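Following: one structure in structure tokens, then a few remarks.
The values are calculated or read from the model by the stated rules, or taken from the named source; none is laboratory data. All of these numbers come straight from a predicted model, not from anything done at the bench. For neighbour counting, all protein chains shown are included, and Cβ atoms are generated from backbone atoms with ideal geometry for every residue, glycine included. To get the accessible areas, we keep the full protein, side chains included, count just its heavy atoms, and leave off ligands, DNA and RNA. Shrake-Rupley method; radii C 1.70, N 1.55, O 1.52, S 1.80 Å.
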Amino acid sequence: IRFRSPQYMFNNAANDENIIIANENGAVELYHNNSKKIETTNAGTAFTGNITSAVSTLSDGATITVNFTTASHFTVTLGGNRTFGDPSSTSSAIGSSGSIFIVQDGTGGRTASFHSDYKFAGGTAPTLSTTANAVDRLDYVVRASDNVHCVVTLDVK
């Protein structure tokens, strides 16, 4: 099916609320309850309101592998000394960003090392908080397929 028109409007059954408006050579607008929430622009995309993303739980293990294409935010509780391994799918995640919440278990004293793709200020990976149940936050931006820029905030309370 092909539709040919300079503008498409999809409204609710009562025809008193916009759902989608698509303009030739212009914006595509998405509405929620007749309130515009997403619009394409010549510069990219504009959002109105809050943008949310679920926090995905990573599996704890000797090596923790983060797949940056599956979520933006992650959490993991360390049950021992761990290595954040070679992150998977970084070439498909270039430009993505988010946070990894690194939680000490009830025992604490857990350490973490990081694969060389994780890049930290000064070239040195941080020493995590080791208090039982402590939470550290690693914020990241995937810059290239082998380059994940990281900033760590320790002992967030």
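Criterion first (in contact (Cβ under 8 Å) with a residue 12 or more places away in the chain, in contact with a Gly (Cβ under 7 Å, 6 or more places away or on another chain) and open to solvent by less than 20 Å² (accessible area, probe 1.4 Å)) does A93 satisfy it? Against the criterion (in contact (Cβ under 8 Å) with a residue 12 or more places away in the chain, in contact with a Gly (Cβ under 7 Å, 6 or more places away or on another chain) and open to solvent by less than 20 Å² (accessible area, probe 1.4 Å)), A93 does not qualify. Looking across the range 141-154, the residues that are under 17 Å from F101 (Cα atoms) and open to solvent by 60 Å² or more (accessible area, probe 1.4 Å) come down to V141, H149, V151, L154. Under the condition of being under 17 Å from V142 (Cα atoms), modelled with pLDDT of 95 or more and either exposed (fewer than 14 other Cβ atoms within 10 Å of the Cβ) or among the basic types (K, R) (or both), the residues counted in the range 47-73 number 0.
Only a single criterion out of (1) exposed (fewer than 12 other Cβ atoms within 10 Å of the Cβ); (2) at pLDDT 95 or above; (3) farther than 30 Å from F101 by Cα; (4) not small (G, A, S) is not satisfied by N81, namely (3). Tell me yes or no: at least one residue of the range 37-46 is outside any loop (DSSP other than H, G, I, E, B), over 30 Å from D136 (Cα atoms) and over 21 Å from the mean Cα position of the chain (by Cα). Yes, the range 37-46 contains at least one residue that is outside any loop (DSSP other than H, G, I, E, B), over 30 Å from D136 (Cα atoms) and over 21 Å from the mean Cα position of the chain (by Cα).
Return the total of residues in the range 88-109 being of a type in the set (G, A, S), out of contact with any His (no Cβ under 8 Å at 6 or more places or on another chain) and either within 17 Å of A54 (Cβ to Cβ) or outside any loop (DSSP other than H, G, I, E, B) (or both). Of the residues in that region, 6 qualify.
Listed conditions (1) assigned to a loop (DSSP other than H, G, I, E, B); (2) surrounded by 10 or more Cβ atoms within 10 Å (Cβ to Cβ) are all met by V76, apart from (1).
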